[in-house]
Structure formats: structure tokens, C-alpha cells
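Just so it is clear, none of the values below were taken in a lab; they were calculated from the coordinates. Keep in mind the model is a prediction, meaning the values are calculated, not measured. Neighbour counts run over all protein chains shown; Cβ positions are idealised from the backbone, glycine included.
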Amino acid sequence: MITVAVSPLSCTFLVAIRIGTVLLFSPIEAIRLLPIHVRILLVLMLSLLIVAHLERSALAVDDLSLIVSGLSELCNGLILSLSLYAAFSVIQIAGQLMDTQMGLNALAIFNPTDHTCEPLSSRLLLMLGVLFFFAIDGHHQLIQALVMSCEIIPPGRLMLAHGYVPIIQQFTGMFAFGLMMASPIVVCLLVVDLSGAVLTRNMPQVSTYFLILPIKIMMGLFIFYLLLTQINPLFNQLFSACFQSWAGIKR
């Protein structure tokens, strides 16, 4: 088998597959809703810029090498996009926990983009998360992380099994982080539920459900308002953990 240096065109093609996969499956609606020709142009521009800063390594070339390398880049892009999905799924988990405690599960918003119904708090937190992502120059960090991923894993190389460990670790802490984000509302409304249980036992003739439910909604919305004023550090830690998992990827 003959080994030759990767041509600039082949390298650009492989990098474009990785970047295109990440952008195609991006949980950020501002990116996913861009027109297809704008996304293609963006992928090509980023690919050319990244390839210009890469040292093209030697690859084994045969009849199927480009196809296999393209499939490897598709897998790499899917793995990297899963890390982004894990970060934004934390926000959705926190919103669902909040709505469950406040009794707002039946109040859902239809998302025409994904054709799904989303909880009210989850949708609001997700919008704030996207705004905060761009406010802290998260899109710049995303581009830097893509460049770094191409330096760690050269174009055409498949990320090996031990390289998945940082992303798997990120998924294992996803529910815990979402619970931490929703914990002020969960704990406070749990106290209200316990108070309602005590009231029901002592005064069974009172319909405590209709008495407690408005209190839970009003208290939940008030705590949610207080949480919004202190949620920026949580978002910062969340997105930092996402990009740190990319930095921990090995060949």
C-alpha cells in the first residue's frame, strides 16, 4: 500500500464533512435555521481556514481510502455534536423539572421547527441559554474547538474508543447538572407539598389541591425570576464543560 500526503482538496473535503455534521446536528436553532446555501458557504469558508493552519499528515491511500476517511469524519462530527446536545439537554432537563414541580406540565408550547411540544420553562431557559452562548462568544469558542479537534484528530482519522471518555463523562453529569440548576424551585416547592400533606391530614374537609396549586405556581414563578438573575455562572460552567470535553478527546 502506497502512502502519500493528503492533497489540499481532499483535506478540505474531509474537514468540511466534520464541520458540516456538527452544524447540521447543532442544537443551536440560530445555526440550524440558516438557509442551506448559507450553511454550505459557511462550512466551506471554515474548512478552507482550518486547512490553511493544519499540517497535513500522510494517509494510506487505496481505492476506498477517501470513502472510509469520509465515514470516519462523519462519525467524528456526530460525536462532537453529541457533546453540544448534552450541554443544551441539561437546560431542557432543568426546565422540565421546574414545570413538573410547578404543575405546568400541561402548559406546553408547540415548536414548529422540530414539530414538538416543549415545556414553558424549558423553552424560556433554552432561549436564554442560546443568548448567553452568543454573548460569551461561544460561537468563537466553537470555531476554536473545531480547529483544536482537527489538530488532535487529523482529518480522515477515526476517533478511537478511549477518545469518547470525556464526552461520556459529560453525559453522566448531565442529569446532576440539570437538577442543580432546578434545585431552588424543586426544594422550595417540595416544602409546599409537604405543608399541603400536613394540612390535608389535619383538615381532610379542605380541598388542598386547589389551594396549593396556585401557591406553587406563584412561588415557582417568583423563584424562577430570582434564578434568572443568578443563572449566568451556571451557563458559563455548562458551556465550559462542553468545550473542555472536546479538549480532552484523544486520538
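Principal-axis analysis of the Cα atoms of the chain puts helix 8-24 at an angle of about 10° to the longest axis. Between the amide H of residue 108 and any residue lying 5 or more places away or on another chain, no distance stays under 5 Å, with hydrogens modeled in the peptide plane. Convex hull volume of the C-alpha atoms in the chain, normalised per residue: 136 Å³. Across the chain, Cα pairs under 8 Å and at least six residues apart give a relative contact order of 25 percent.
Can you compute the helix-only [θ] at 222 nm over the chain? Use -39500 (n - 2.57) per DSSP H run of at least 4 residues, normalise by all residues, nearest 500 deg cm²/dmol. Rounded to the nearest 500, the figure is -24500 deg cm²/dmol. Evaluated with a Cβ-only charge set (Lys, Arg +1; Asp, Glu -1), the chain carries a dipole of roughly 240 debye about its Cα centre, given to the nearest 20. Taking a sphere under 15 Å around the Cβ of residue 185 and counting the other residues whose Cβ falls inside, with K and R at +1 and D and E at -1, yields a net charge of -1. Quick one: grab the alpha carbon gyration tensor of the range 145-219, order the square roots of its eigenvalues as a ≥ b ≥ c, and give me rounded if a/c is under 1.5, else prolate or oblate depending on whether a/b is larger than b/c. It comes out prolate by the Cα gyration axes. Sorting 99, 193 from the fewest to the most surrounding beta carbons within 10 angstrom yields 193, 99. Using +1 at the C-beta of Lys and Arg and -1 at the C-beta of Asp and Glu, which of 194, 9, 94 has the Cα lying farthest in the positive direction of the dipole of the chain? Sorting the options by dipole projection puts first 194. Full extension of the chain between residue 38 and residue 217 gives 60.2 nm of extra length, using 0.36 nm per residue less the Cα-Cα distance.
Please determine, in degrees from 0 to 90 and to the nearest 10, the orientation of helix 120-135 with respect to the longest principal axis defined by the Cα atoms of the chain, where the helix direction is its Cα long axis. In the chain, helix 120-135 runs at an angle near 40 degrees to the longest axis. Taking 18 Å as the cut-off, the amide N atoms of the range 126-152 that come nearer than this to a point 7 Å along the Cα-to-beta-carbon line of residue 53 belong to 137-152.
Rounded to the nearest 10 degrees, what's the angle between the helix 208-228 long axis and the longest principal axis of the chain, both from Cα atoms, 0 to 90? Result, in degrees: 40.
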